[in-house]
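Beneath this line is the structure, given in structure tokens, with notes to follow.
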Amino acid sequence: MRALGIILAGGNNHKMRELTSRRAVAAMPIAGSYRAIDFTLSNMSNSHIQKVAVLTQYNARSLNEHLNSSKWWDFGRKQGGLYVFTPTITADNGYWYRGTADAIYQNLDFLKRSHEPYVIITSGDAVYKMDYNKVLEYHIAKKADITVVCKELDDSEDASRFGTIKMDDSMRIEEFEEKPMVAHSHTISTGIYVVRRRLLIDLIEHCAEEDRYDFVTDILIRYKNLKKIYGYKIKDYWSNISTVDAYYRTNMDFLRPEVREYFFKQRPEIYSKVSDLPPAKYNPGSVVKNSLVASGSIINGTVENSILFKKTFVGNNCVIKNSIILNDVYLGDNSYIENCIVESRDTIRANTRYVGENGVKVVVEKNERYAL
Amino acid sequence: MRKKEMIAMLLAGGQGSRLGVLTAKVAKPAVAFGGKYRIIDFPLSNCINSGIDTVGVLTQYQPLRLNTHIGIGISWDLDRNFGGVTILPPYEKSSNSEWYTGTANAIYQNLDYIETYHPDYVLILSGDHIYKMDYEVMLDYHKEHKADVTIAAMPVPIEEASRFGVVVAEEDGQISEFQEKPPEPKSNLASMGIYIFSWPVLKEALVALKNEPGCDFGKHIIPYCHEKGQRLFAYEYNGYWKDVGTLGSYWEANMELIDIVPEFNLYEEYWKIYTNSGILPPQYISGQAVIERSIIGNGSEIYGEVKNCVIGSGVVIGEGAVVRDSIIMKDTVIGKGCVVDKAIIAENCEIGENVTLGIGSDVPNKLKPAIYSFGLVTIGENTIVPPGVQVGKNTALSGATVKEDYPNGVLESGETLIKAGERV
């Protein structure tokens, strides 16, 4: 195998508001049946990268639960497989991961003991399909030290929450600004990098010696002129979910036929952990329009332009519009939900009304549910 | 010595010929049921839920789908270091080689498999019933009564009892008489084809009757044990149990699932039914779709109207199509503008645009009136139905059919149309 994978899934993100108070961004449910990290993991598996390390730290329980078996992504192999690294206290280290570079540094033995010549570094918070081998081939052809996968954003999108990039004609990166106050470029880094394993070890060790911890600022930006860092542009669908609006928009994208065709129909497919749930059930009184419905759901009310994740129960005369109902939510009779994201495992009492007036509202109720 | 207290032997080799074209290419236990399951999922899930982690699955007729479905048993948590699920097809022996000639003969040919686990008890199951049962409770009953053989039995209407093996039991459950498909049943307790044997008793009977042609549990083993004076007990079961051996009962059992609170509830947490369903996206319901009283599997796309249906995974119901009272299995495409009434359409079929299924009067099927009845249209897997044709009731279709096969564009009620070729 030519490359191993590292997925940086440790970050917290206050822009996700209440949604990430329970889970890491990488564990956010996507498109009814998936979690964010499934896209990256499936890309790894479909690119024949058989050894993948997931570095987690913040609120990792839900992510660890999702990754409790590697078989769903076909990583249950004798050689390689899926490794989940959380910070541990050792004789010479008592810190949490202090940054992305530090996270890799604290697991440097994993890199040192591997024999794959290249490393693919990614984040776990984007929805996309990618054959990393294509990036790797580009990386080799360019004789690059580091290749950064980047994407041209639409003018309407806010680039300032990403790292913005300017490249010369040969695609070498000239400018790299991390989360700029004012974005001067609409080309952004997707957080996917290709680098030679030996070089990565050197860079990370050097970083650690200088007490620097961040991969972007302390390696990409700092070494910008010293190393040959190239950009690899993608045109396909790529969406980062790490704000509430972006998360909402990414999910709603799946109501578009071309997005469903791309992710659900075209090969290679996206894998996820299988849950043993019965098919969705539509009782008398259910009216469902332009919506995605995941398995285990039971619908008695009206659902429009919405996404129902697994095991949603929609009571009689409920109306759900333009909303995302996460896993295992019970909506009591006559409730009205519009423009909302309802947190998973919630119980919405009968006759409740929630409307996101100015943008999307995140609904978190902590009602006890009594078993039926 | 490593051992298992009880192992299960699951008979899954039968064709189930009464399901007609549905089982032309797959064994009955592999036929889809309830949107995402296959019939064999029910006994397999019962096993693991009852704490039985060693299951031999005896296959013979068209086993490919069954083998693929079961794999190494991951879906049912039956991938074990010791035990787990094992597929047992007939095999060549040094002295002879024969097919499984009967239910008991199949077990006899796998004595070695059973001996590997040194079981105290052996549970015999068949792969063609829909039910939830805790076999551990049945085993407790077996032990409590110091039985040699325990037969699960359920009360059925007396007029139907002659279709089954009937047991006549004393007050304490001991069986005084066993009648196999009797014309005049003496009791309404029907054997469900689920037996627990104390292993030495079963082994002795299998060896004693090894030369019996077509050796069968109901016809030979049970009467043999009874005559030898062994302790046979009836374990009365009163829950939901459905034999889906005919198209009518198969259709009915599926339709019962769409009741608001069905008698057989798949949504219970307590007794989950597991299946190997693959990793599928959620289903998409379009702005024009109308859905009433139906269950729909993952990855399906509904653009038309669906009423009282059981729809499998990856099915597409085209715009303007109306599908009522039907069972549509995995990956089948119903074209735009179709009208489908009371049909069973197997996996991966293509129904062309503006096809009408289930018209006309209830004329009995000319070829196999006993099989294709109940007013159903039955379509075998990988069938292609060309656009615009009409099909009557009590009909059966299979293969790559073309317009010319339908005189004046109509396949009248009671006709059968079996062609070569299939949808890729």
Selection from B:ALA289, B:TYR267, B:TYR240, by position along the positive dipole direction of the range B:237-295 (Cβ):
B:ALA289
Percent of beta bridges antiparallel (DSSP, chain B, rounded to nearest 5)
25 percent
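Normalising by the residue count of the range A:1-140, find the relative contact order in percent from Cα pairs under 8 Å and 6+ residues apart.
On the way: 213 pairs, mean separation 51.4, N = 140.
This gives 37 percent for the range A:1-140.
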Would you work out what percent of the accessible area of the range A:140-260, with all protein chains in place, is carbon or sulfur (probe 1.4 Å)?
45 percent
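Counting other Cβ atoms within 10 Å, keep those with at most 16, restrict to DSSP loop, and tell me which GluC sites (Glu not before Pro) in the range A:171-216 are left. Don't skip to the answer; put the middle values down first.
Values: sites: A:GLU174, A:GLU175, A:GLU177, A:GLU178, A:GLU205, A:GLU209, A:GLU210; in loops: A:GLU210.
For GluC sites (Glu not before Pro) across the range A:171-216 that sit outside H, G, I, E and B with at most 16 neighbouring Cβ atoms in 10 Å, the list reads A:GLU210.
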Over chain A, what is the percentage of antiparallel beta bridges among all DSSP beta bridges, to the nearest 5?
30 percent
Go ahead and run the numbers for FRET between B:GLU236 and B:TRP271, Cβ-Cβ distance against an R0 of 22 Å, rounding to 0.05.
0.70
Between the residues A:PHE309, A:TYR271, A:VAL342, the Cα farthest towards the positive end of the dipole of the range A:244-372, that dipole coming from +1 and -1 charges on the beta-carbon of Lys, Arg, Asp and Glu, is from A:TYR271
Using the crude model of +1 on Lys and Arg Cβ and -1 on Asp and Glu Cβ, and no other charge, please compute the dipole size for the protein assembly as shown relative to its Cα centre, in debye to 20.
1660 debye
With θ set to phi - 60° and the Karplus curve 6.51 cos²θ - 1.76 cosθ + 1.60, what are the ³J(HN,Hα) couplings of the range B:66-77 in order, to the nearest whole Hz, using x for Gly and Pro?
5, 4, 5, 5, 6, x, 9, x, 3, 4, 9, 6
Taking a probe of 1.4 Å, how large is the accessible area per residue of chain A, in Å²?
43 Å²
In degrees between 0 and 90, to the nearest 10, how far off the longest principal axis of chain B does helix B:247-256 point, with axes built from Cα atoms?
80 degrees
In the range A:139-200, trypsin sites (Lys or Arg not before Pro) in a DSSP loop with at most 13 other beta-carbon atoms within 10 Å
A:LYS143
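Using unit Cβ charges (K, R positive; D, E negative) and no other charged atoms, how large, in debye to the nearest 20, is the dipole of the range B:104-173 about its Cα centre?
Computed charge dipole of the range B:104-173: roughly 200 debye.
Which value in deg cm²/dmol, rounded to the nearest 500, describes the helix-derived mean residue ellipticity at 222 nm for chain B, given -39,500 (n - 2.57) per DSSP H run of n ≥ 4 and division by the residue count?
On the way: 8 runs with 64 residues, N = 424.
One gets -4000 deg cm²/dmol as the mean residue ellipticity at 222 nm.
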Just going by the charge dipole of the range B:1-118, with Lys and Arg at +1 and Asp and Glu at -1 on Cβ, which of B:LEU11, B:LEU66, B:VAL26 is farthest out on the positive end?
B:VAL26
Hey, got the dipole for chain B? About the Cα centre, +1 on K and R Cβ, -1 on D and E Cβ, debye to the nearest 20?
820 debye
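Out of the total accessible area of the range A:284-353 (probe 1.4 Å, heavy atoms of protein only), what percent is carbon and sulfur? Show your work: numbers first, answer last.
On the way: 830 of 2070 Å².
Accessible surface attributable to carbon and sulfur in the range A:284-353 totals 40 percent.
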Between B:SER286, B:SER17, B:SER249, where does the largest GNM mean-square fluctuation fall for chain B, given springs only between Cα atoms within less than 10 Å?
B:SER286
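Relative contact order for the range B:2-130: what percent, with Cα pairs under 8 Å and sequence separation of 6 or more? Intermediate results must be reported in sequence, preceding the final value.
On the way: 215 pairs, mean separation 51.4, N = 129.
About 40 percent, as a whole number.
Can you show me the helix-derived [θ] at 222 nm for chain A, built from DSSP H runs with n ≥ 4 at -39,500 (n - 2.57) apiece and divided by the number of residues, rounded to the nearest 500. Mind showing how you got there, number by number?
Working: 8 runs with 66 residues, N = 372.
The helix contribution divided over chain A gives -5000 deg cm²/dmol.
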In degrees, nearest 10, the alpha-carbon axis of helix B:135-144 is tilted away from the dominant principal axis of the alpha carbons of chain B by 20 degrees
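With a cut-off of 8 Å between alpha carbons and a minimum separation of six or more residues, what is the relative contact order of the range B:53-187 in percent? If you can, show how the numbers build up before the last one.
Values: 109 pairs, mean separation 19.1, N = 135.
Contact order relative to length: 14 percent.
Enter the buried accessible area of the B/A pair, total of both sides, probe 1.4 Å, in Å² rounded to the nearest 100.
Working: alone 17870 and 17370 Å², together 32280 Å².
Roughly 3000 Å².
Could you give the semi-axes, largest first, of the ellipsoid that matches the protein assembly as shown, computed as the square roots of 5 times the alpha carbon gyration tensor eigenvalues and rounded to whole Å?
Details: eigenvalues 569, 213, 124 Å².
The three semi-axes for the protein assembly as shown are 53, 33, 25 Å.
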For B:CYS338, distant residues with modelled amide H under 5 Å away:
B:ALA321, B:VAL322, B:ASN354, B:VAL355
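Calculate, for the range B:245-303, the solvent-accessible area per residue in square angstrom, rolling a 1.4 angstrom probe over the heavy atoms of the protein chains. Mind showing how you got there, number by number?
On the way: 2120 Å² over 59 residues.
Computed with neighbouring chains in place, this is 36 Å² per residue.
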Scan around A:LYS51 for amide H atoms under 5 Å from its own, H built in the peptide plane at 1.01 Å from N, and keep only partners 5 or more places away or cross-chain.
A:GLY5, A:GLY81
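With both partners inside the protein assembly as shown, how many of the DSSP beta bridges are antiparallel, as a percent to the nearest 5? All intermediate terms of the calculation are to be shown ahead of the outcome.
Working: 53 of 165 bridges.
Within the protein assembly as shown, antiparallel bridges account for around 30 percent of the total.
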Return the long-range amide H neighbours of B:ARG423 (sequence gap of 5 or more, or a different chain), with a cut-off of under 5 Å between placed amide H atoms.
B:THR383, B:ILE384
Build a GNM of chain A with springs between Cα atoms under 10 Å: which of A:ASP253, A:ASP38, A:ASP109 gets the top mean-square fluctuation?
A:ASP109
At q = 0.19, 0.24 Å⁻¹, the log10 of I(q)/I(0) for the range A:210-266 from a Debye sum over equal Cα scatterers comes to -0.81, -0.95
GNM result for chain A, Cα springs below 10 Å: residue of A:TYR105, A:TYR282, A:TYR230 fluctuating most strongly
A:TYR282
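Carbon and sulfur together cover what percent of the accessible area of the range B:313-424 at a 1.4 Å probe radius? Don't skip to the answer; put the middle values down first.
Values: 2330 of 4330 Å².
Carbon with sulfur: 54 percent of the solvent-accessible area.
The values are calculated or read from the model by the stated rules, or taken from the named source; none is laboratory data. Being a predicted model, the structure only gives us computed values, none of them experimental. Ideal geometry is used to build each Cβ from the backbone, glycine not excepted, and the neighbour counts take in all protein chains shown. We work out accessible area using only protein heavy atoms, side chains counted, and drop any ligands, DNA or RNA first. Shrake-Rupley method; radii C 1.70, N 1.55, O 1.52, S 1.80 Å.
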